[in-house]
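Comments concern the structure below.
The values are calculated or read from the model by the stated rules, or taken from the named source; none is laboratory data. Since the structure is predicted, the reported quantities are computational estimates derived from the model, not experimental observations. Note that each Cβ is placed from the backbone with ideal geometry, even for glycine, and that neighbours are counted across all protein chains shown. Just so you know, the surface numbers come from the protein's heavy atoms only, side chains and all, with ligands and any DNA or RNA stripped out. Shrake-Rupley method; radii C 1.70, N 1.55, O 1.52, S 1.80 Å.
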Amino acid sequence: MFNRILVANRGEIAQRIIRAATELGVETVAIYSEADADALYLRQASETICVGAAPSAQSYLNVPAIISAAEIADVDAIHPGYGFLAENSTFAEVCRSCKIQFIGPDPETIAAVGNKANAREMAIKAGVPVVPGSDGPVNDEAEARAVAAEIGFPVIIKASSGGGGRGMRVAHNEPALVSGFHAARSEADAAFGDDTVYIERFVERPRHVEVQILGDKFGKILHLGERDCSVQRRHQKLIEESPSPALDDAQREMIGDAAVRMAEAANYHNAGTVEFLLAPSGDFYFIEVNARIQVEHTVTELVTGLDLIQEMIRVAAGEPLSIDQSDIEIRGHAIECRINAEDPAKDFQPSPGLVESFVPPGGPGVRVDSHCFSGYRIPPNYDSMVGKLLVHRPTRQEAIRTMRRALSEFVIDGPKTTIPIHLDILGHRDYRAGTHDTGFLERYFS
Ligand code: MV4
């Protein structure tokens, strides 16, 4: 096991990693920007190092400063958390050349799945179902027309280097296809420096279902059940839950097996997520691999009883997984609400500043992962998520009831937050029935 790791992140995930490492007897080195000098996670780390000014580019994305901190503190490994450098294959490669273990998959795997057209080709080769579409990239207008003629409209044009919804265009007819093709290419070029796009049949009213995977360096890969993340707004998830209310046990086994085949094809080790679209027909299609730990890993922790961050650290240190697929049991139902400092009444505009009072809920079945405290000043420079409220109960209906109770208890005075919209969503008939899709939030709450 490592003696000491560097946590290359901030906020709740930095705190989450420090807690996991501390329980493993591993020392932690926290980095911070000038805007985070009073952050809570710095009090929980063994050592702290300032890596730069408030803007992320000068601090949490500043590779030379982070590597220097790692060398000075003499760490064995770096945990990137989510966002920032988590899926940067170049950073993972720099870690490797400095003989620092990157706590995540290999740089080759990150790069291979980070290219979405390539990931789609890998899925096809591995026998994982994909949406009908192009074989790899589409290079010109004529090719785009030919693909659409074969699969039929509507289609979606996606940037190879995209993900999270950037560089996508939907087309319902040929003129829209032609303009969408060029628009997606130039948007992708500007955003990612790569104008490669591919085309898929557009699945209407899908649900977002993703499978948690965990692999060791000896080729063992487990799936830890799925999460349903269909409550989203502009590709930002608001609520996640496990298990998905839309899957039966047969589909659950099929999607889990498909995720493992994809991970095997990618030579995957450490924690990752295989994302699928679930069509109203019940068919599911691979869309992306997320080569990192995600915000919503916590719902999987609640239903499996595993500590995923500890598992990540263990497998990165070269330990074999001590459990088998047959040991994984999904118990009860977990729901997570993301608490963001945003104003739902003002188009979810960020609402940073002083938290005058912070009183988290508690009681049976409630977990709060947050870096907030009374008197904390939320900096305006970063993501607006200030915490995650989770519940774990025997059934979905009980989980919804506990979540509503916990949301009503939660006091955050000062900034506007997403707490009121969560209460609205949890009171909505479609959410309660579990029949909502990814368009639900924008249809009913815009
Ligand atoms: C799709 C799709 C429909 N058909 N692909 C959006 C983000 C990226 N992860 C993939 N996305 C989608 N891909 C096909 N072939 C619809 C979406 C999509 C979506 C997916 C999951 C959750 C929310 C979404 C919101 C809009 C569009």
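Positive-end ranking of Thr48, Tyr32, Ala21 along the dipole of the range 4-103, with charges on Cβ about the Cα centre, is headed by Ala21. Computed about its Cα centre, the charge dipole of the chain is approximately 880 debye, with only Lys, Arg, Asp and Glu carrying charge at their Cβ. Only aspartates and glutamates eight or more places from Lys388 in sequence, or on another chain, were considered; those with a Cα closer than 13 Å are Glu12, Glu240, Glu241, Glu296, Glu336, Asp369.
Ranking Ile151, Ile330, Val170 by Cα position along the charge dipole of the chain, where only Lys, Arg, Asp and Glu carry charges on their C-beta atoms, puts Ile330 farthest toward the positive end. Within the chain, the longest run free of trypsin sites (Lys or Arg not before Pro) that sit in a DSSP loop with at most 14 other Cβ atoms within 10 Å is 100-233.
Per the Cα gyration tensor, the range 132-201 maps to an equivalent ellipsoid with semi-axes of 18, 11, 11 Å, ordered largest to smallest.
Percent of C-alpha pairs per 10 Å bin in the chain, short distances first: 4, 20, 31, 29, 14, 2, 0.
Using the alpha-carbon positions of the range 4-103, Rg (one decimal) and Dmax (whole number) come out as 11.9, 33 Å.
Computed with a 1.4 Å probe over protein heavy atoms only, the accessible surface of the chain comes to 39 Å² per residue. For the range 289-341, the mean projected area of the C-alpha convex hull, equal to one quarter of the hull surface, is 5.1 nm².
Once the chymotrypsin sites (Phe, Trp or Tyr not before Pro) in DSSP loops with at most 15 neighbouring Cβ atoms within 10 Å are cut out of the chain, the longest remaining piece is 1-217. Whats the longest run of the chain with zero GluC sites (Glu not before Pro) that are DSSP loop and have at most 16 other Cβ atoms within 10 Å? In short, 1-203. To the nearest Å, what is the center-to-center distance of the range 101-153 and the range 235-259, using C-alpha atoms only? Here the answer is 22 Å between Cα centres.
Calculated [222 nm] ellipticity per residue, helices only, for the chain: -10000 deg cm²/dmol; basis is -39500 (n - 2.57) per DSSP H run with n ≥ 4, divided by all residues, nearest 500.
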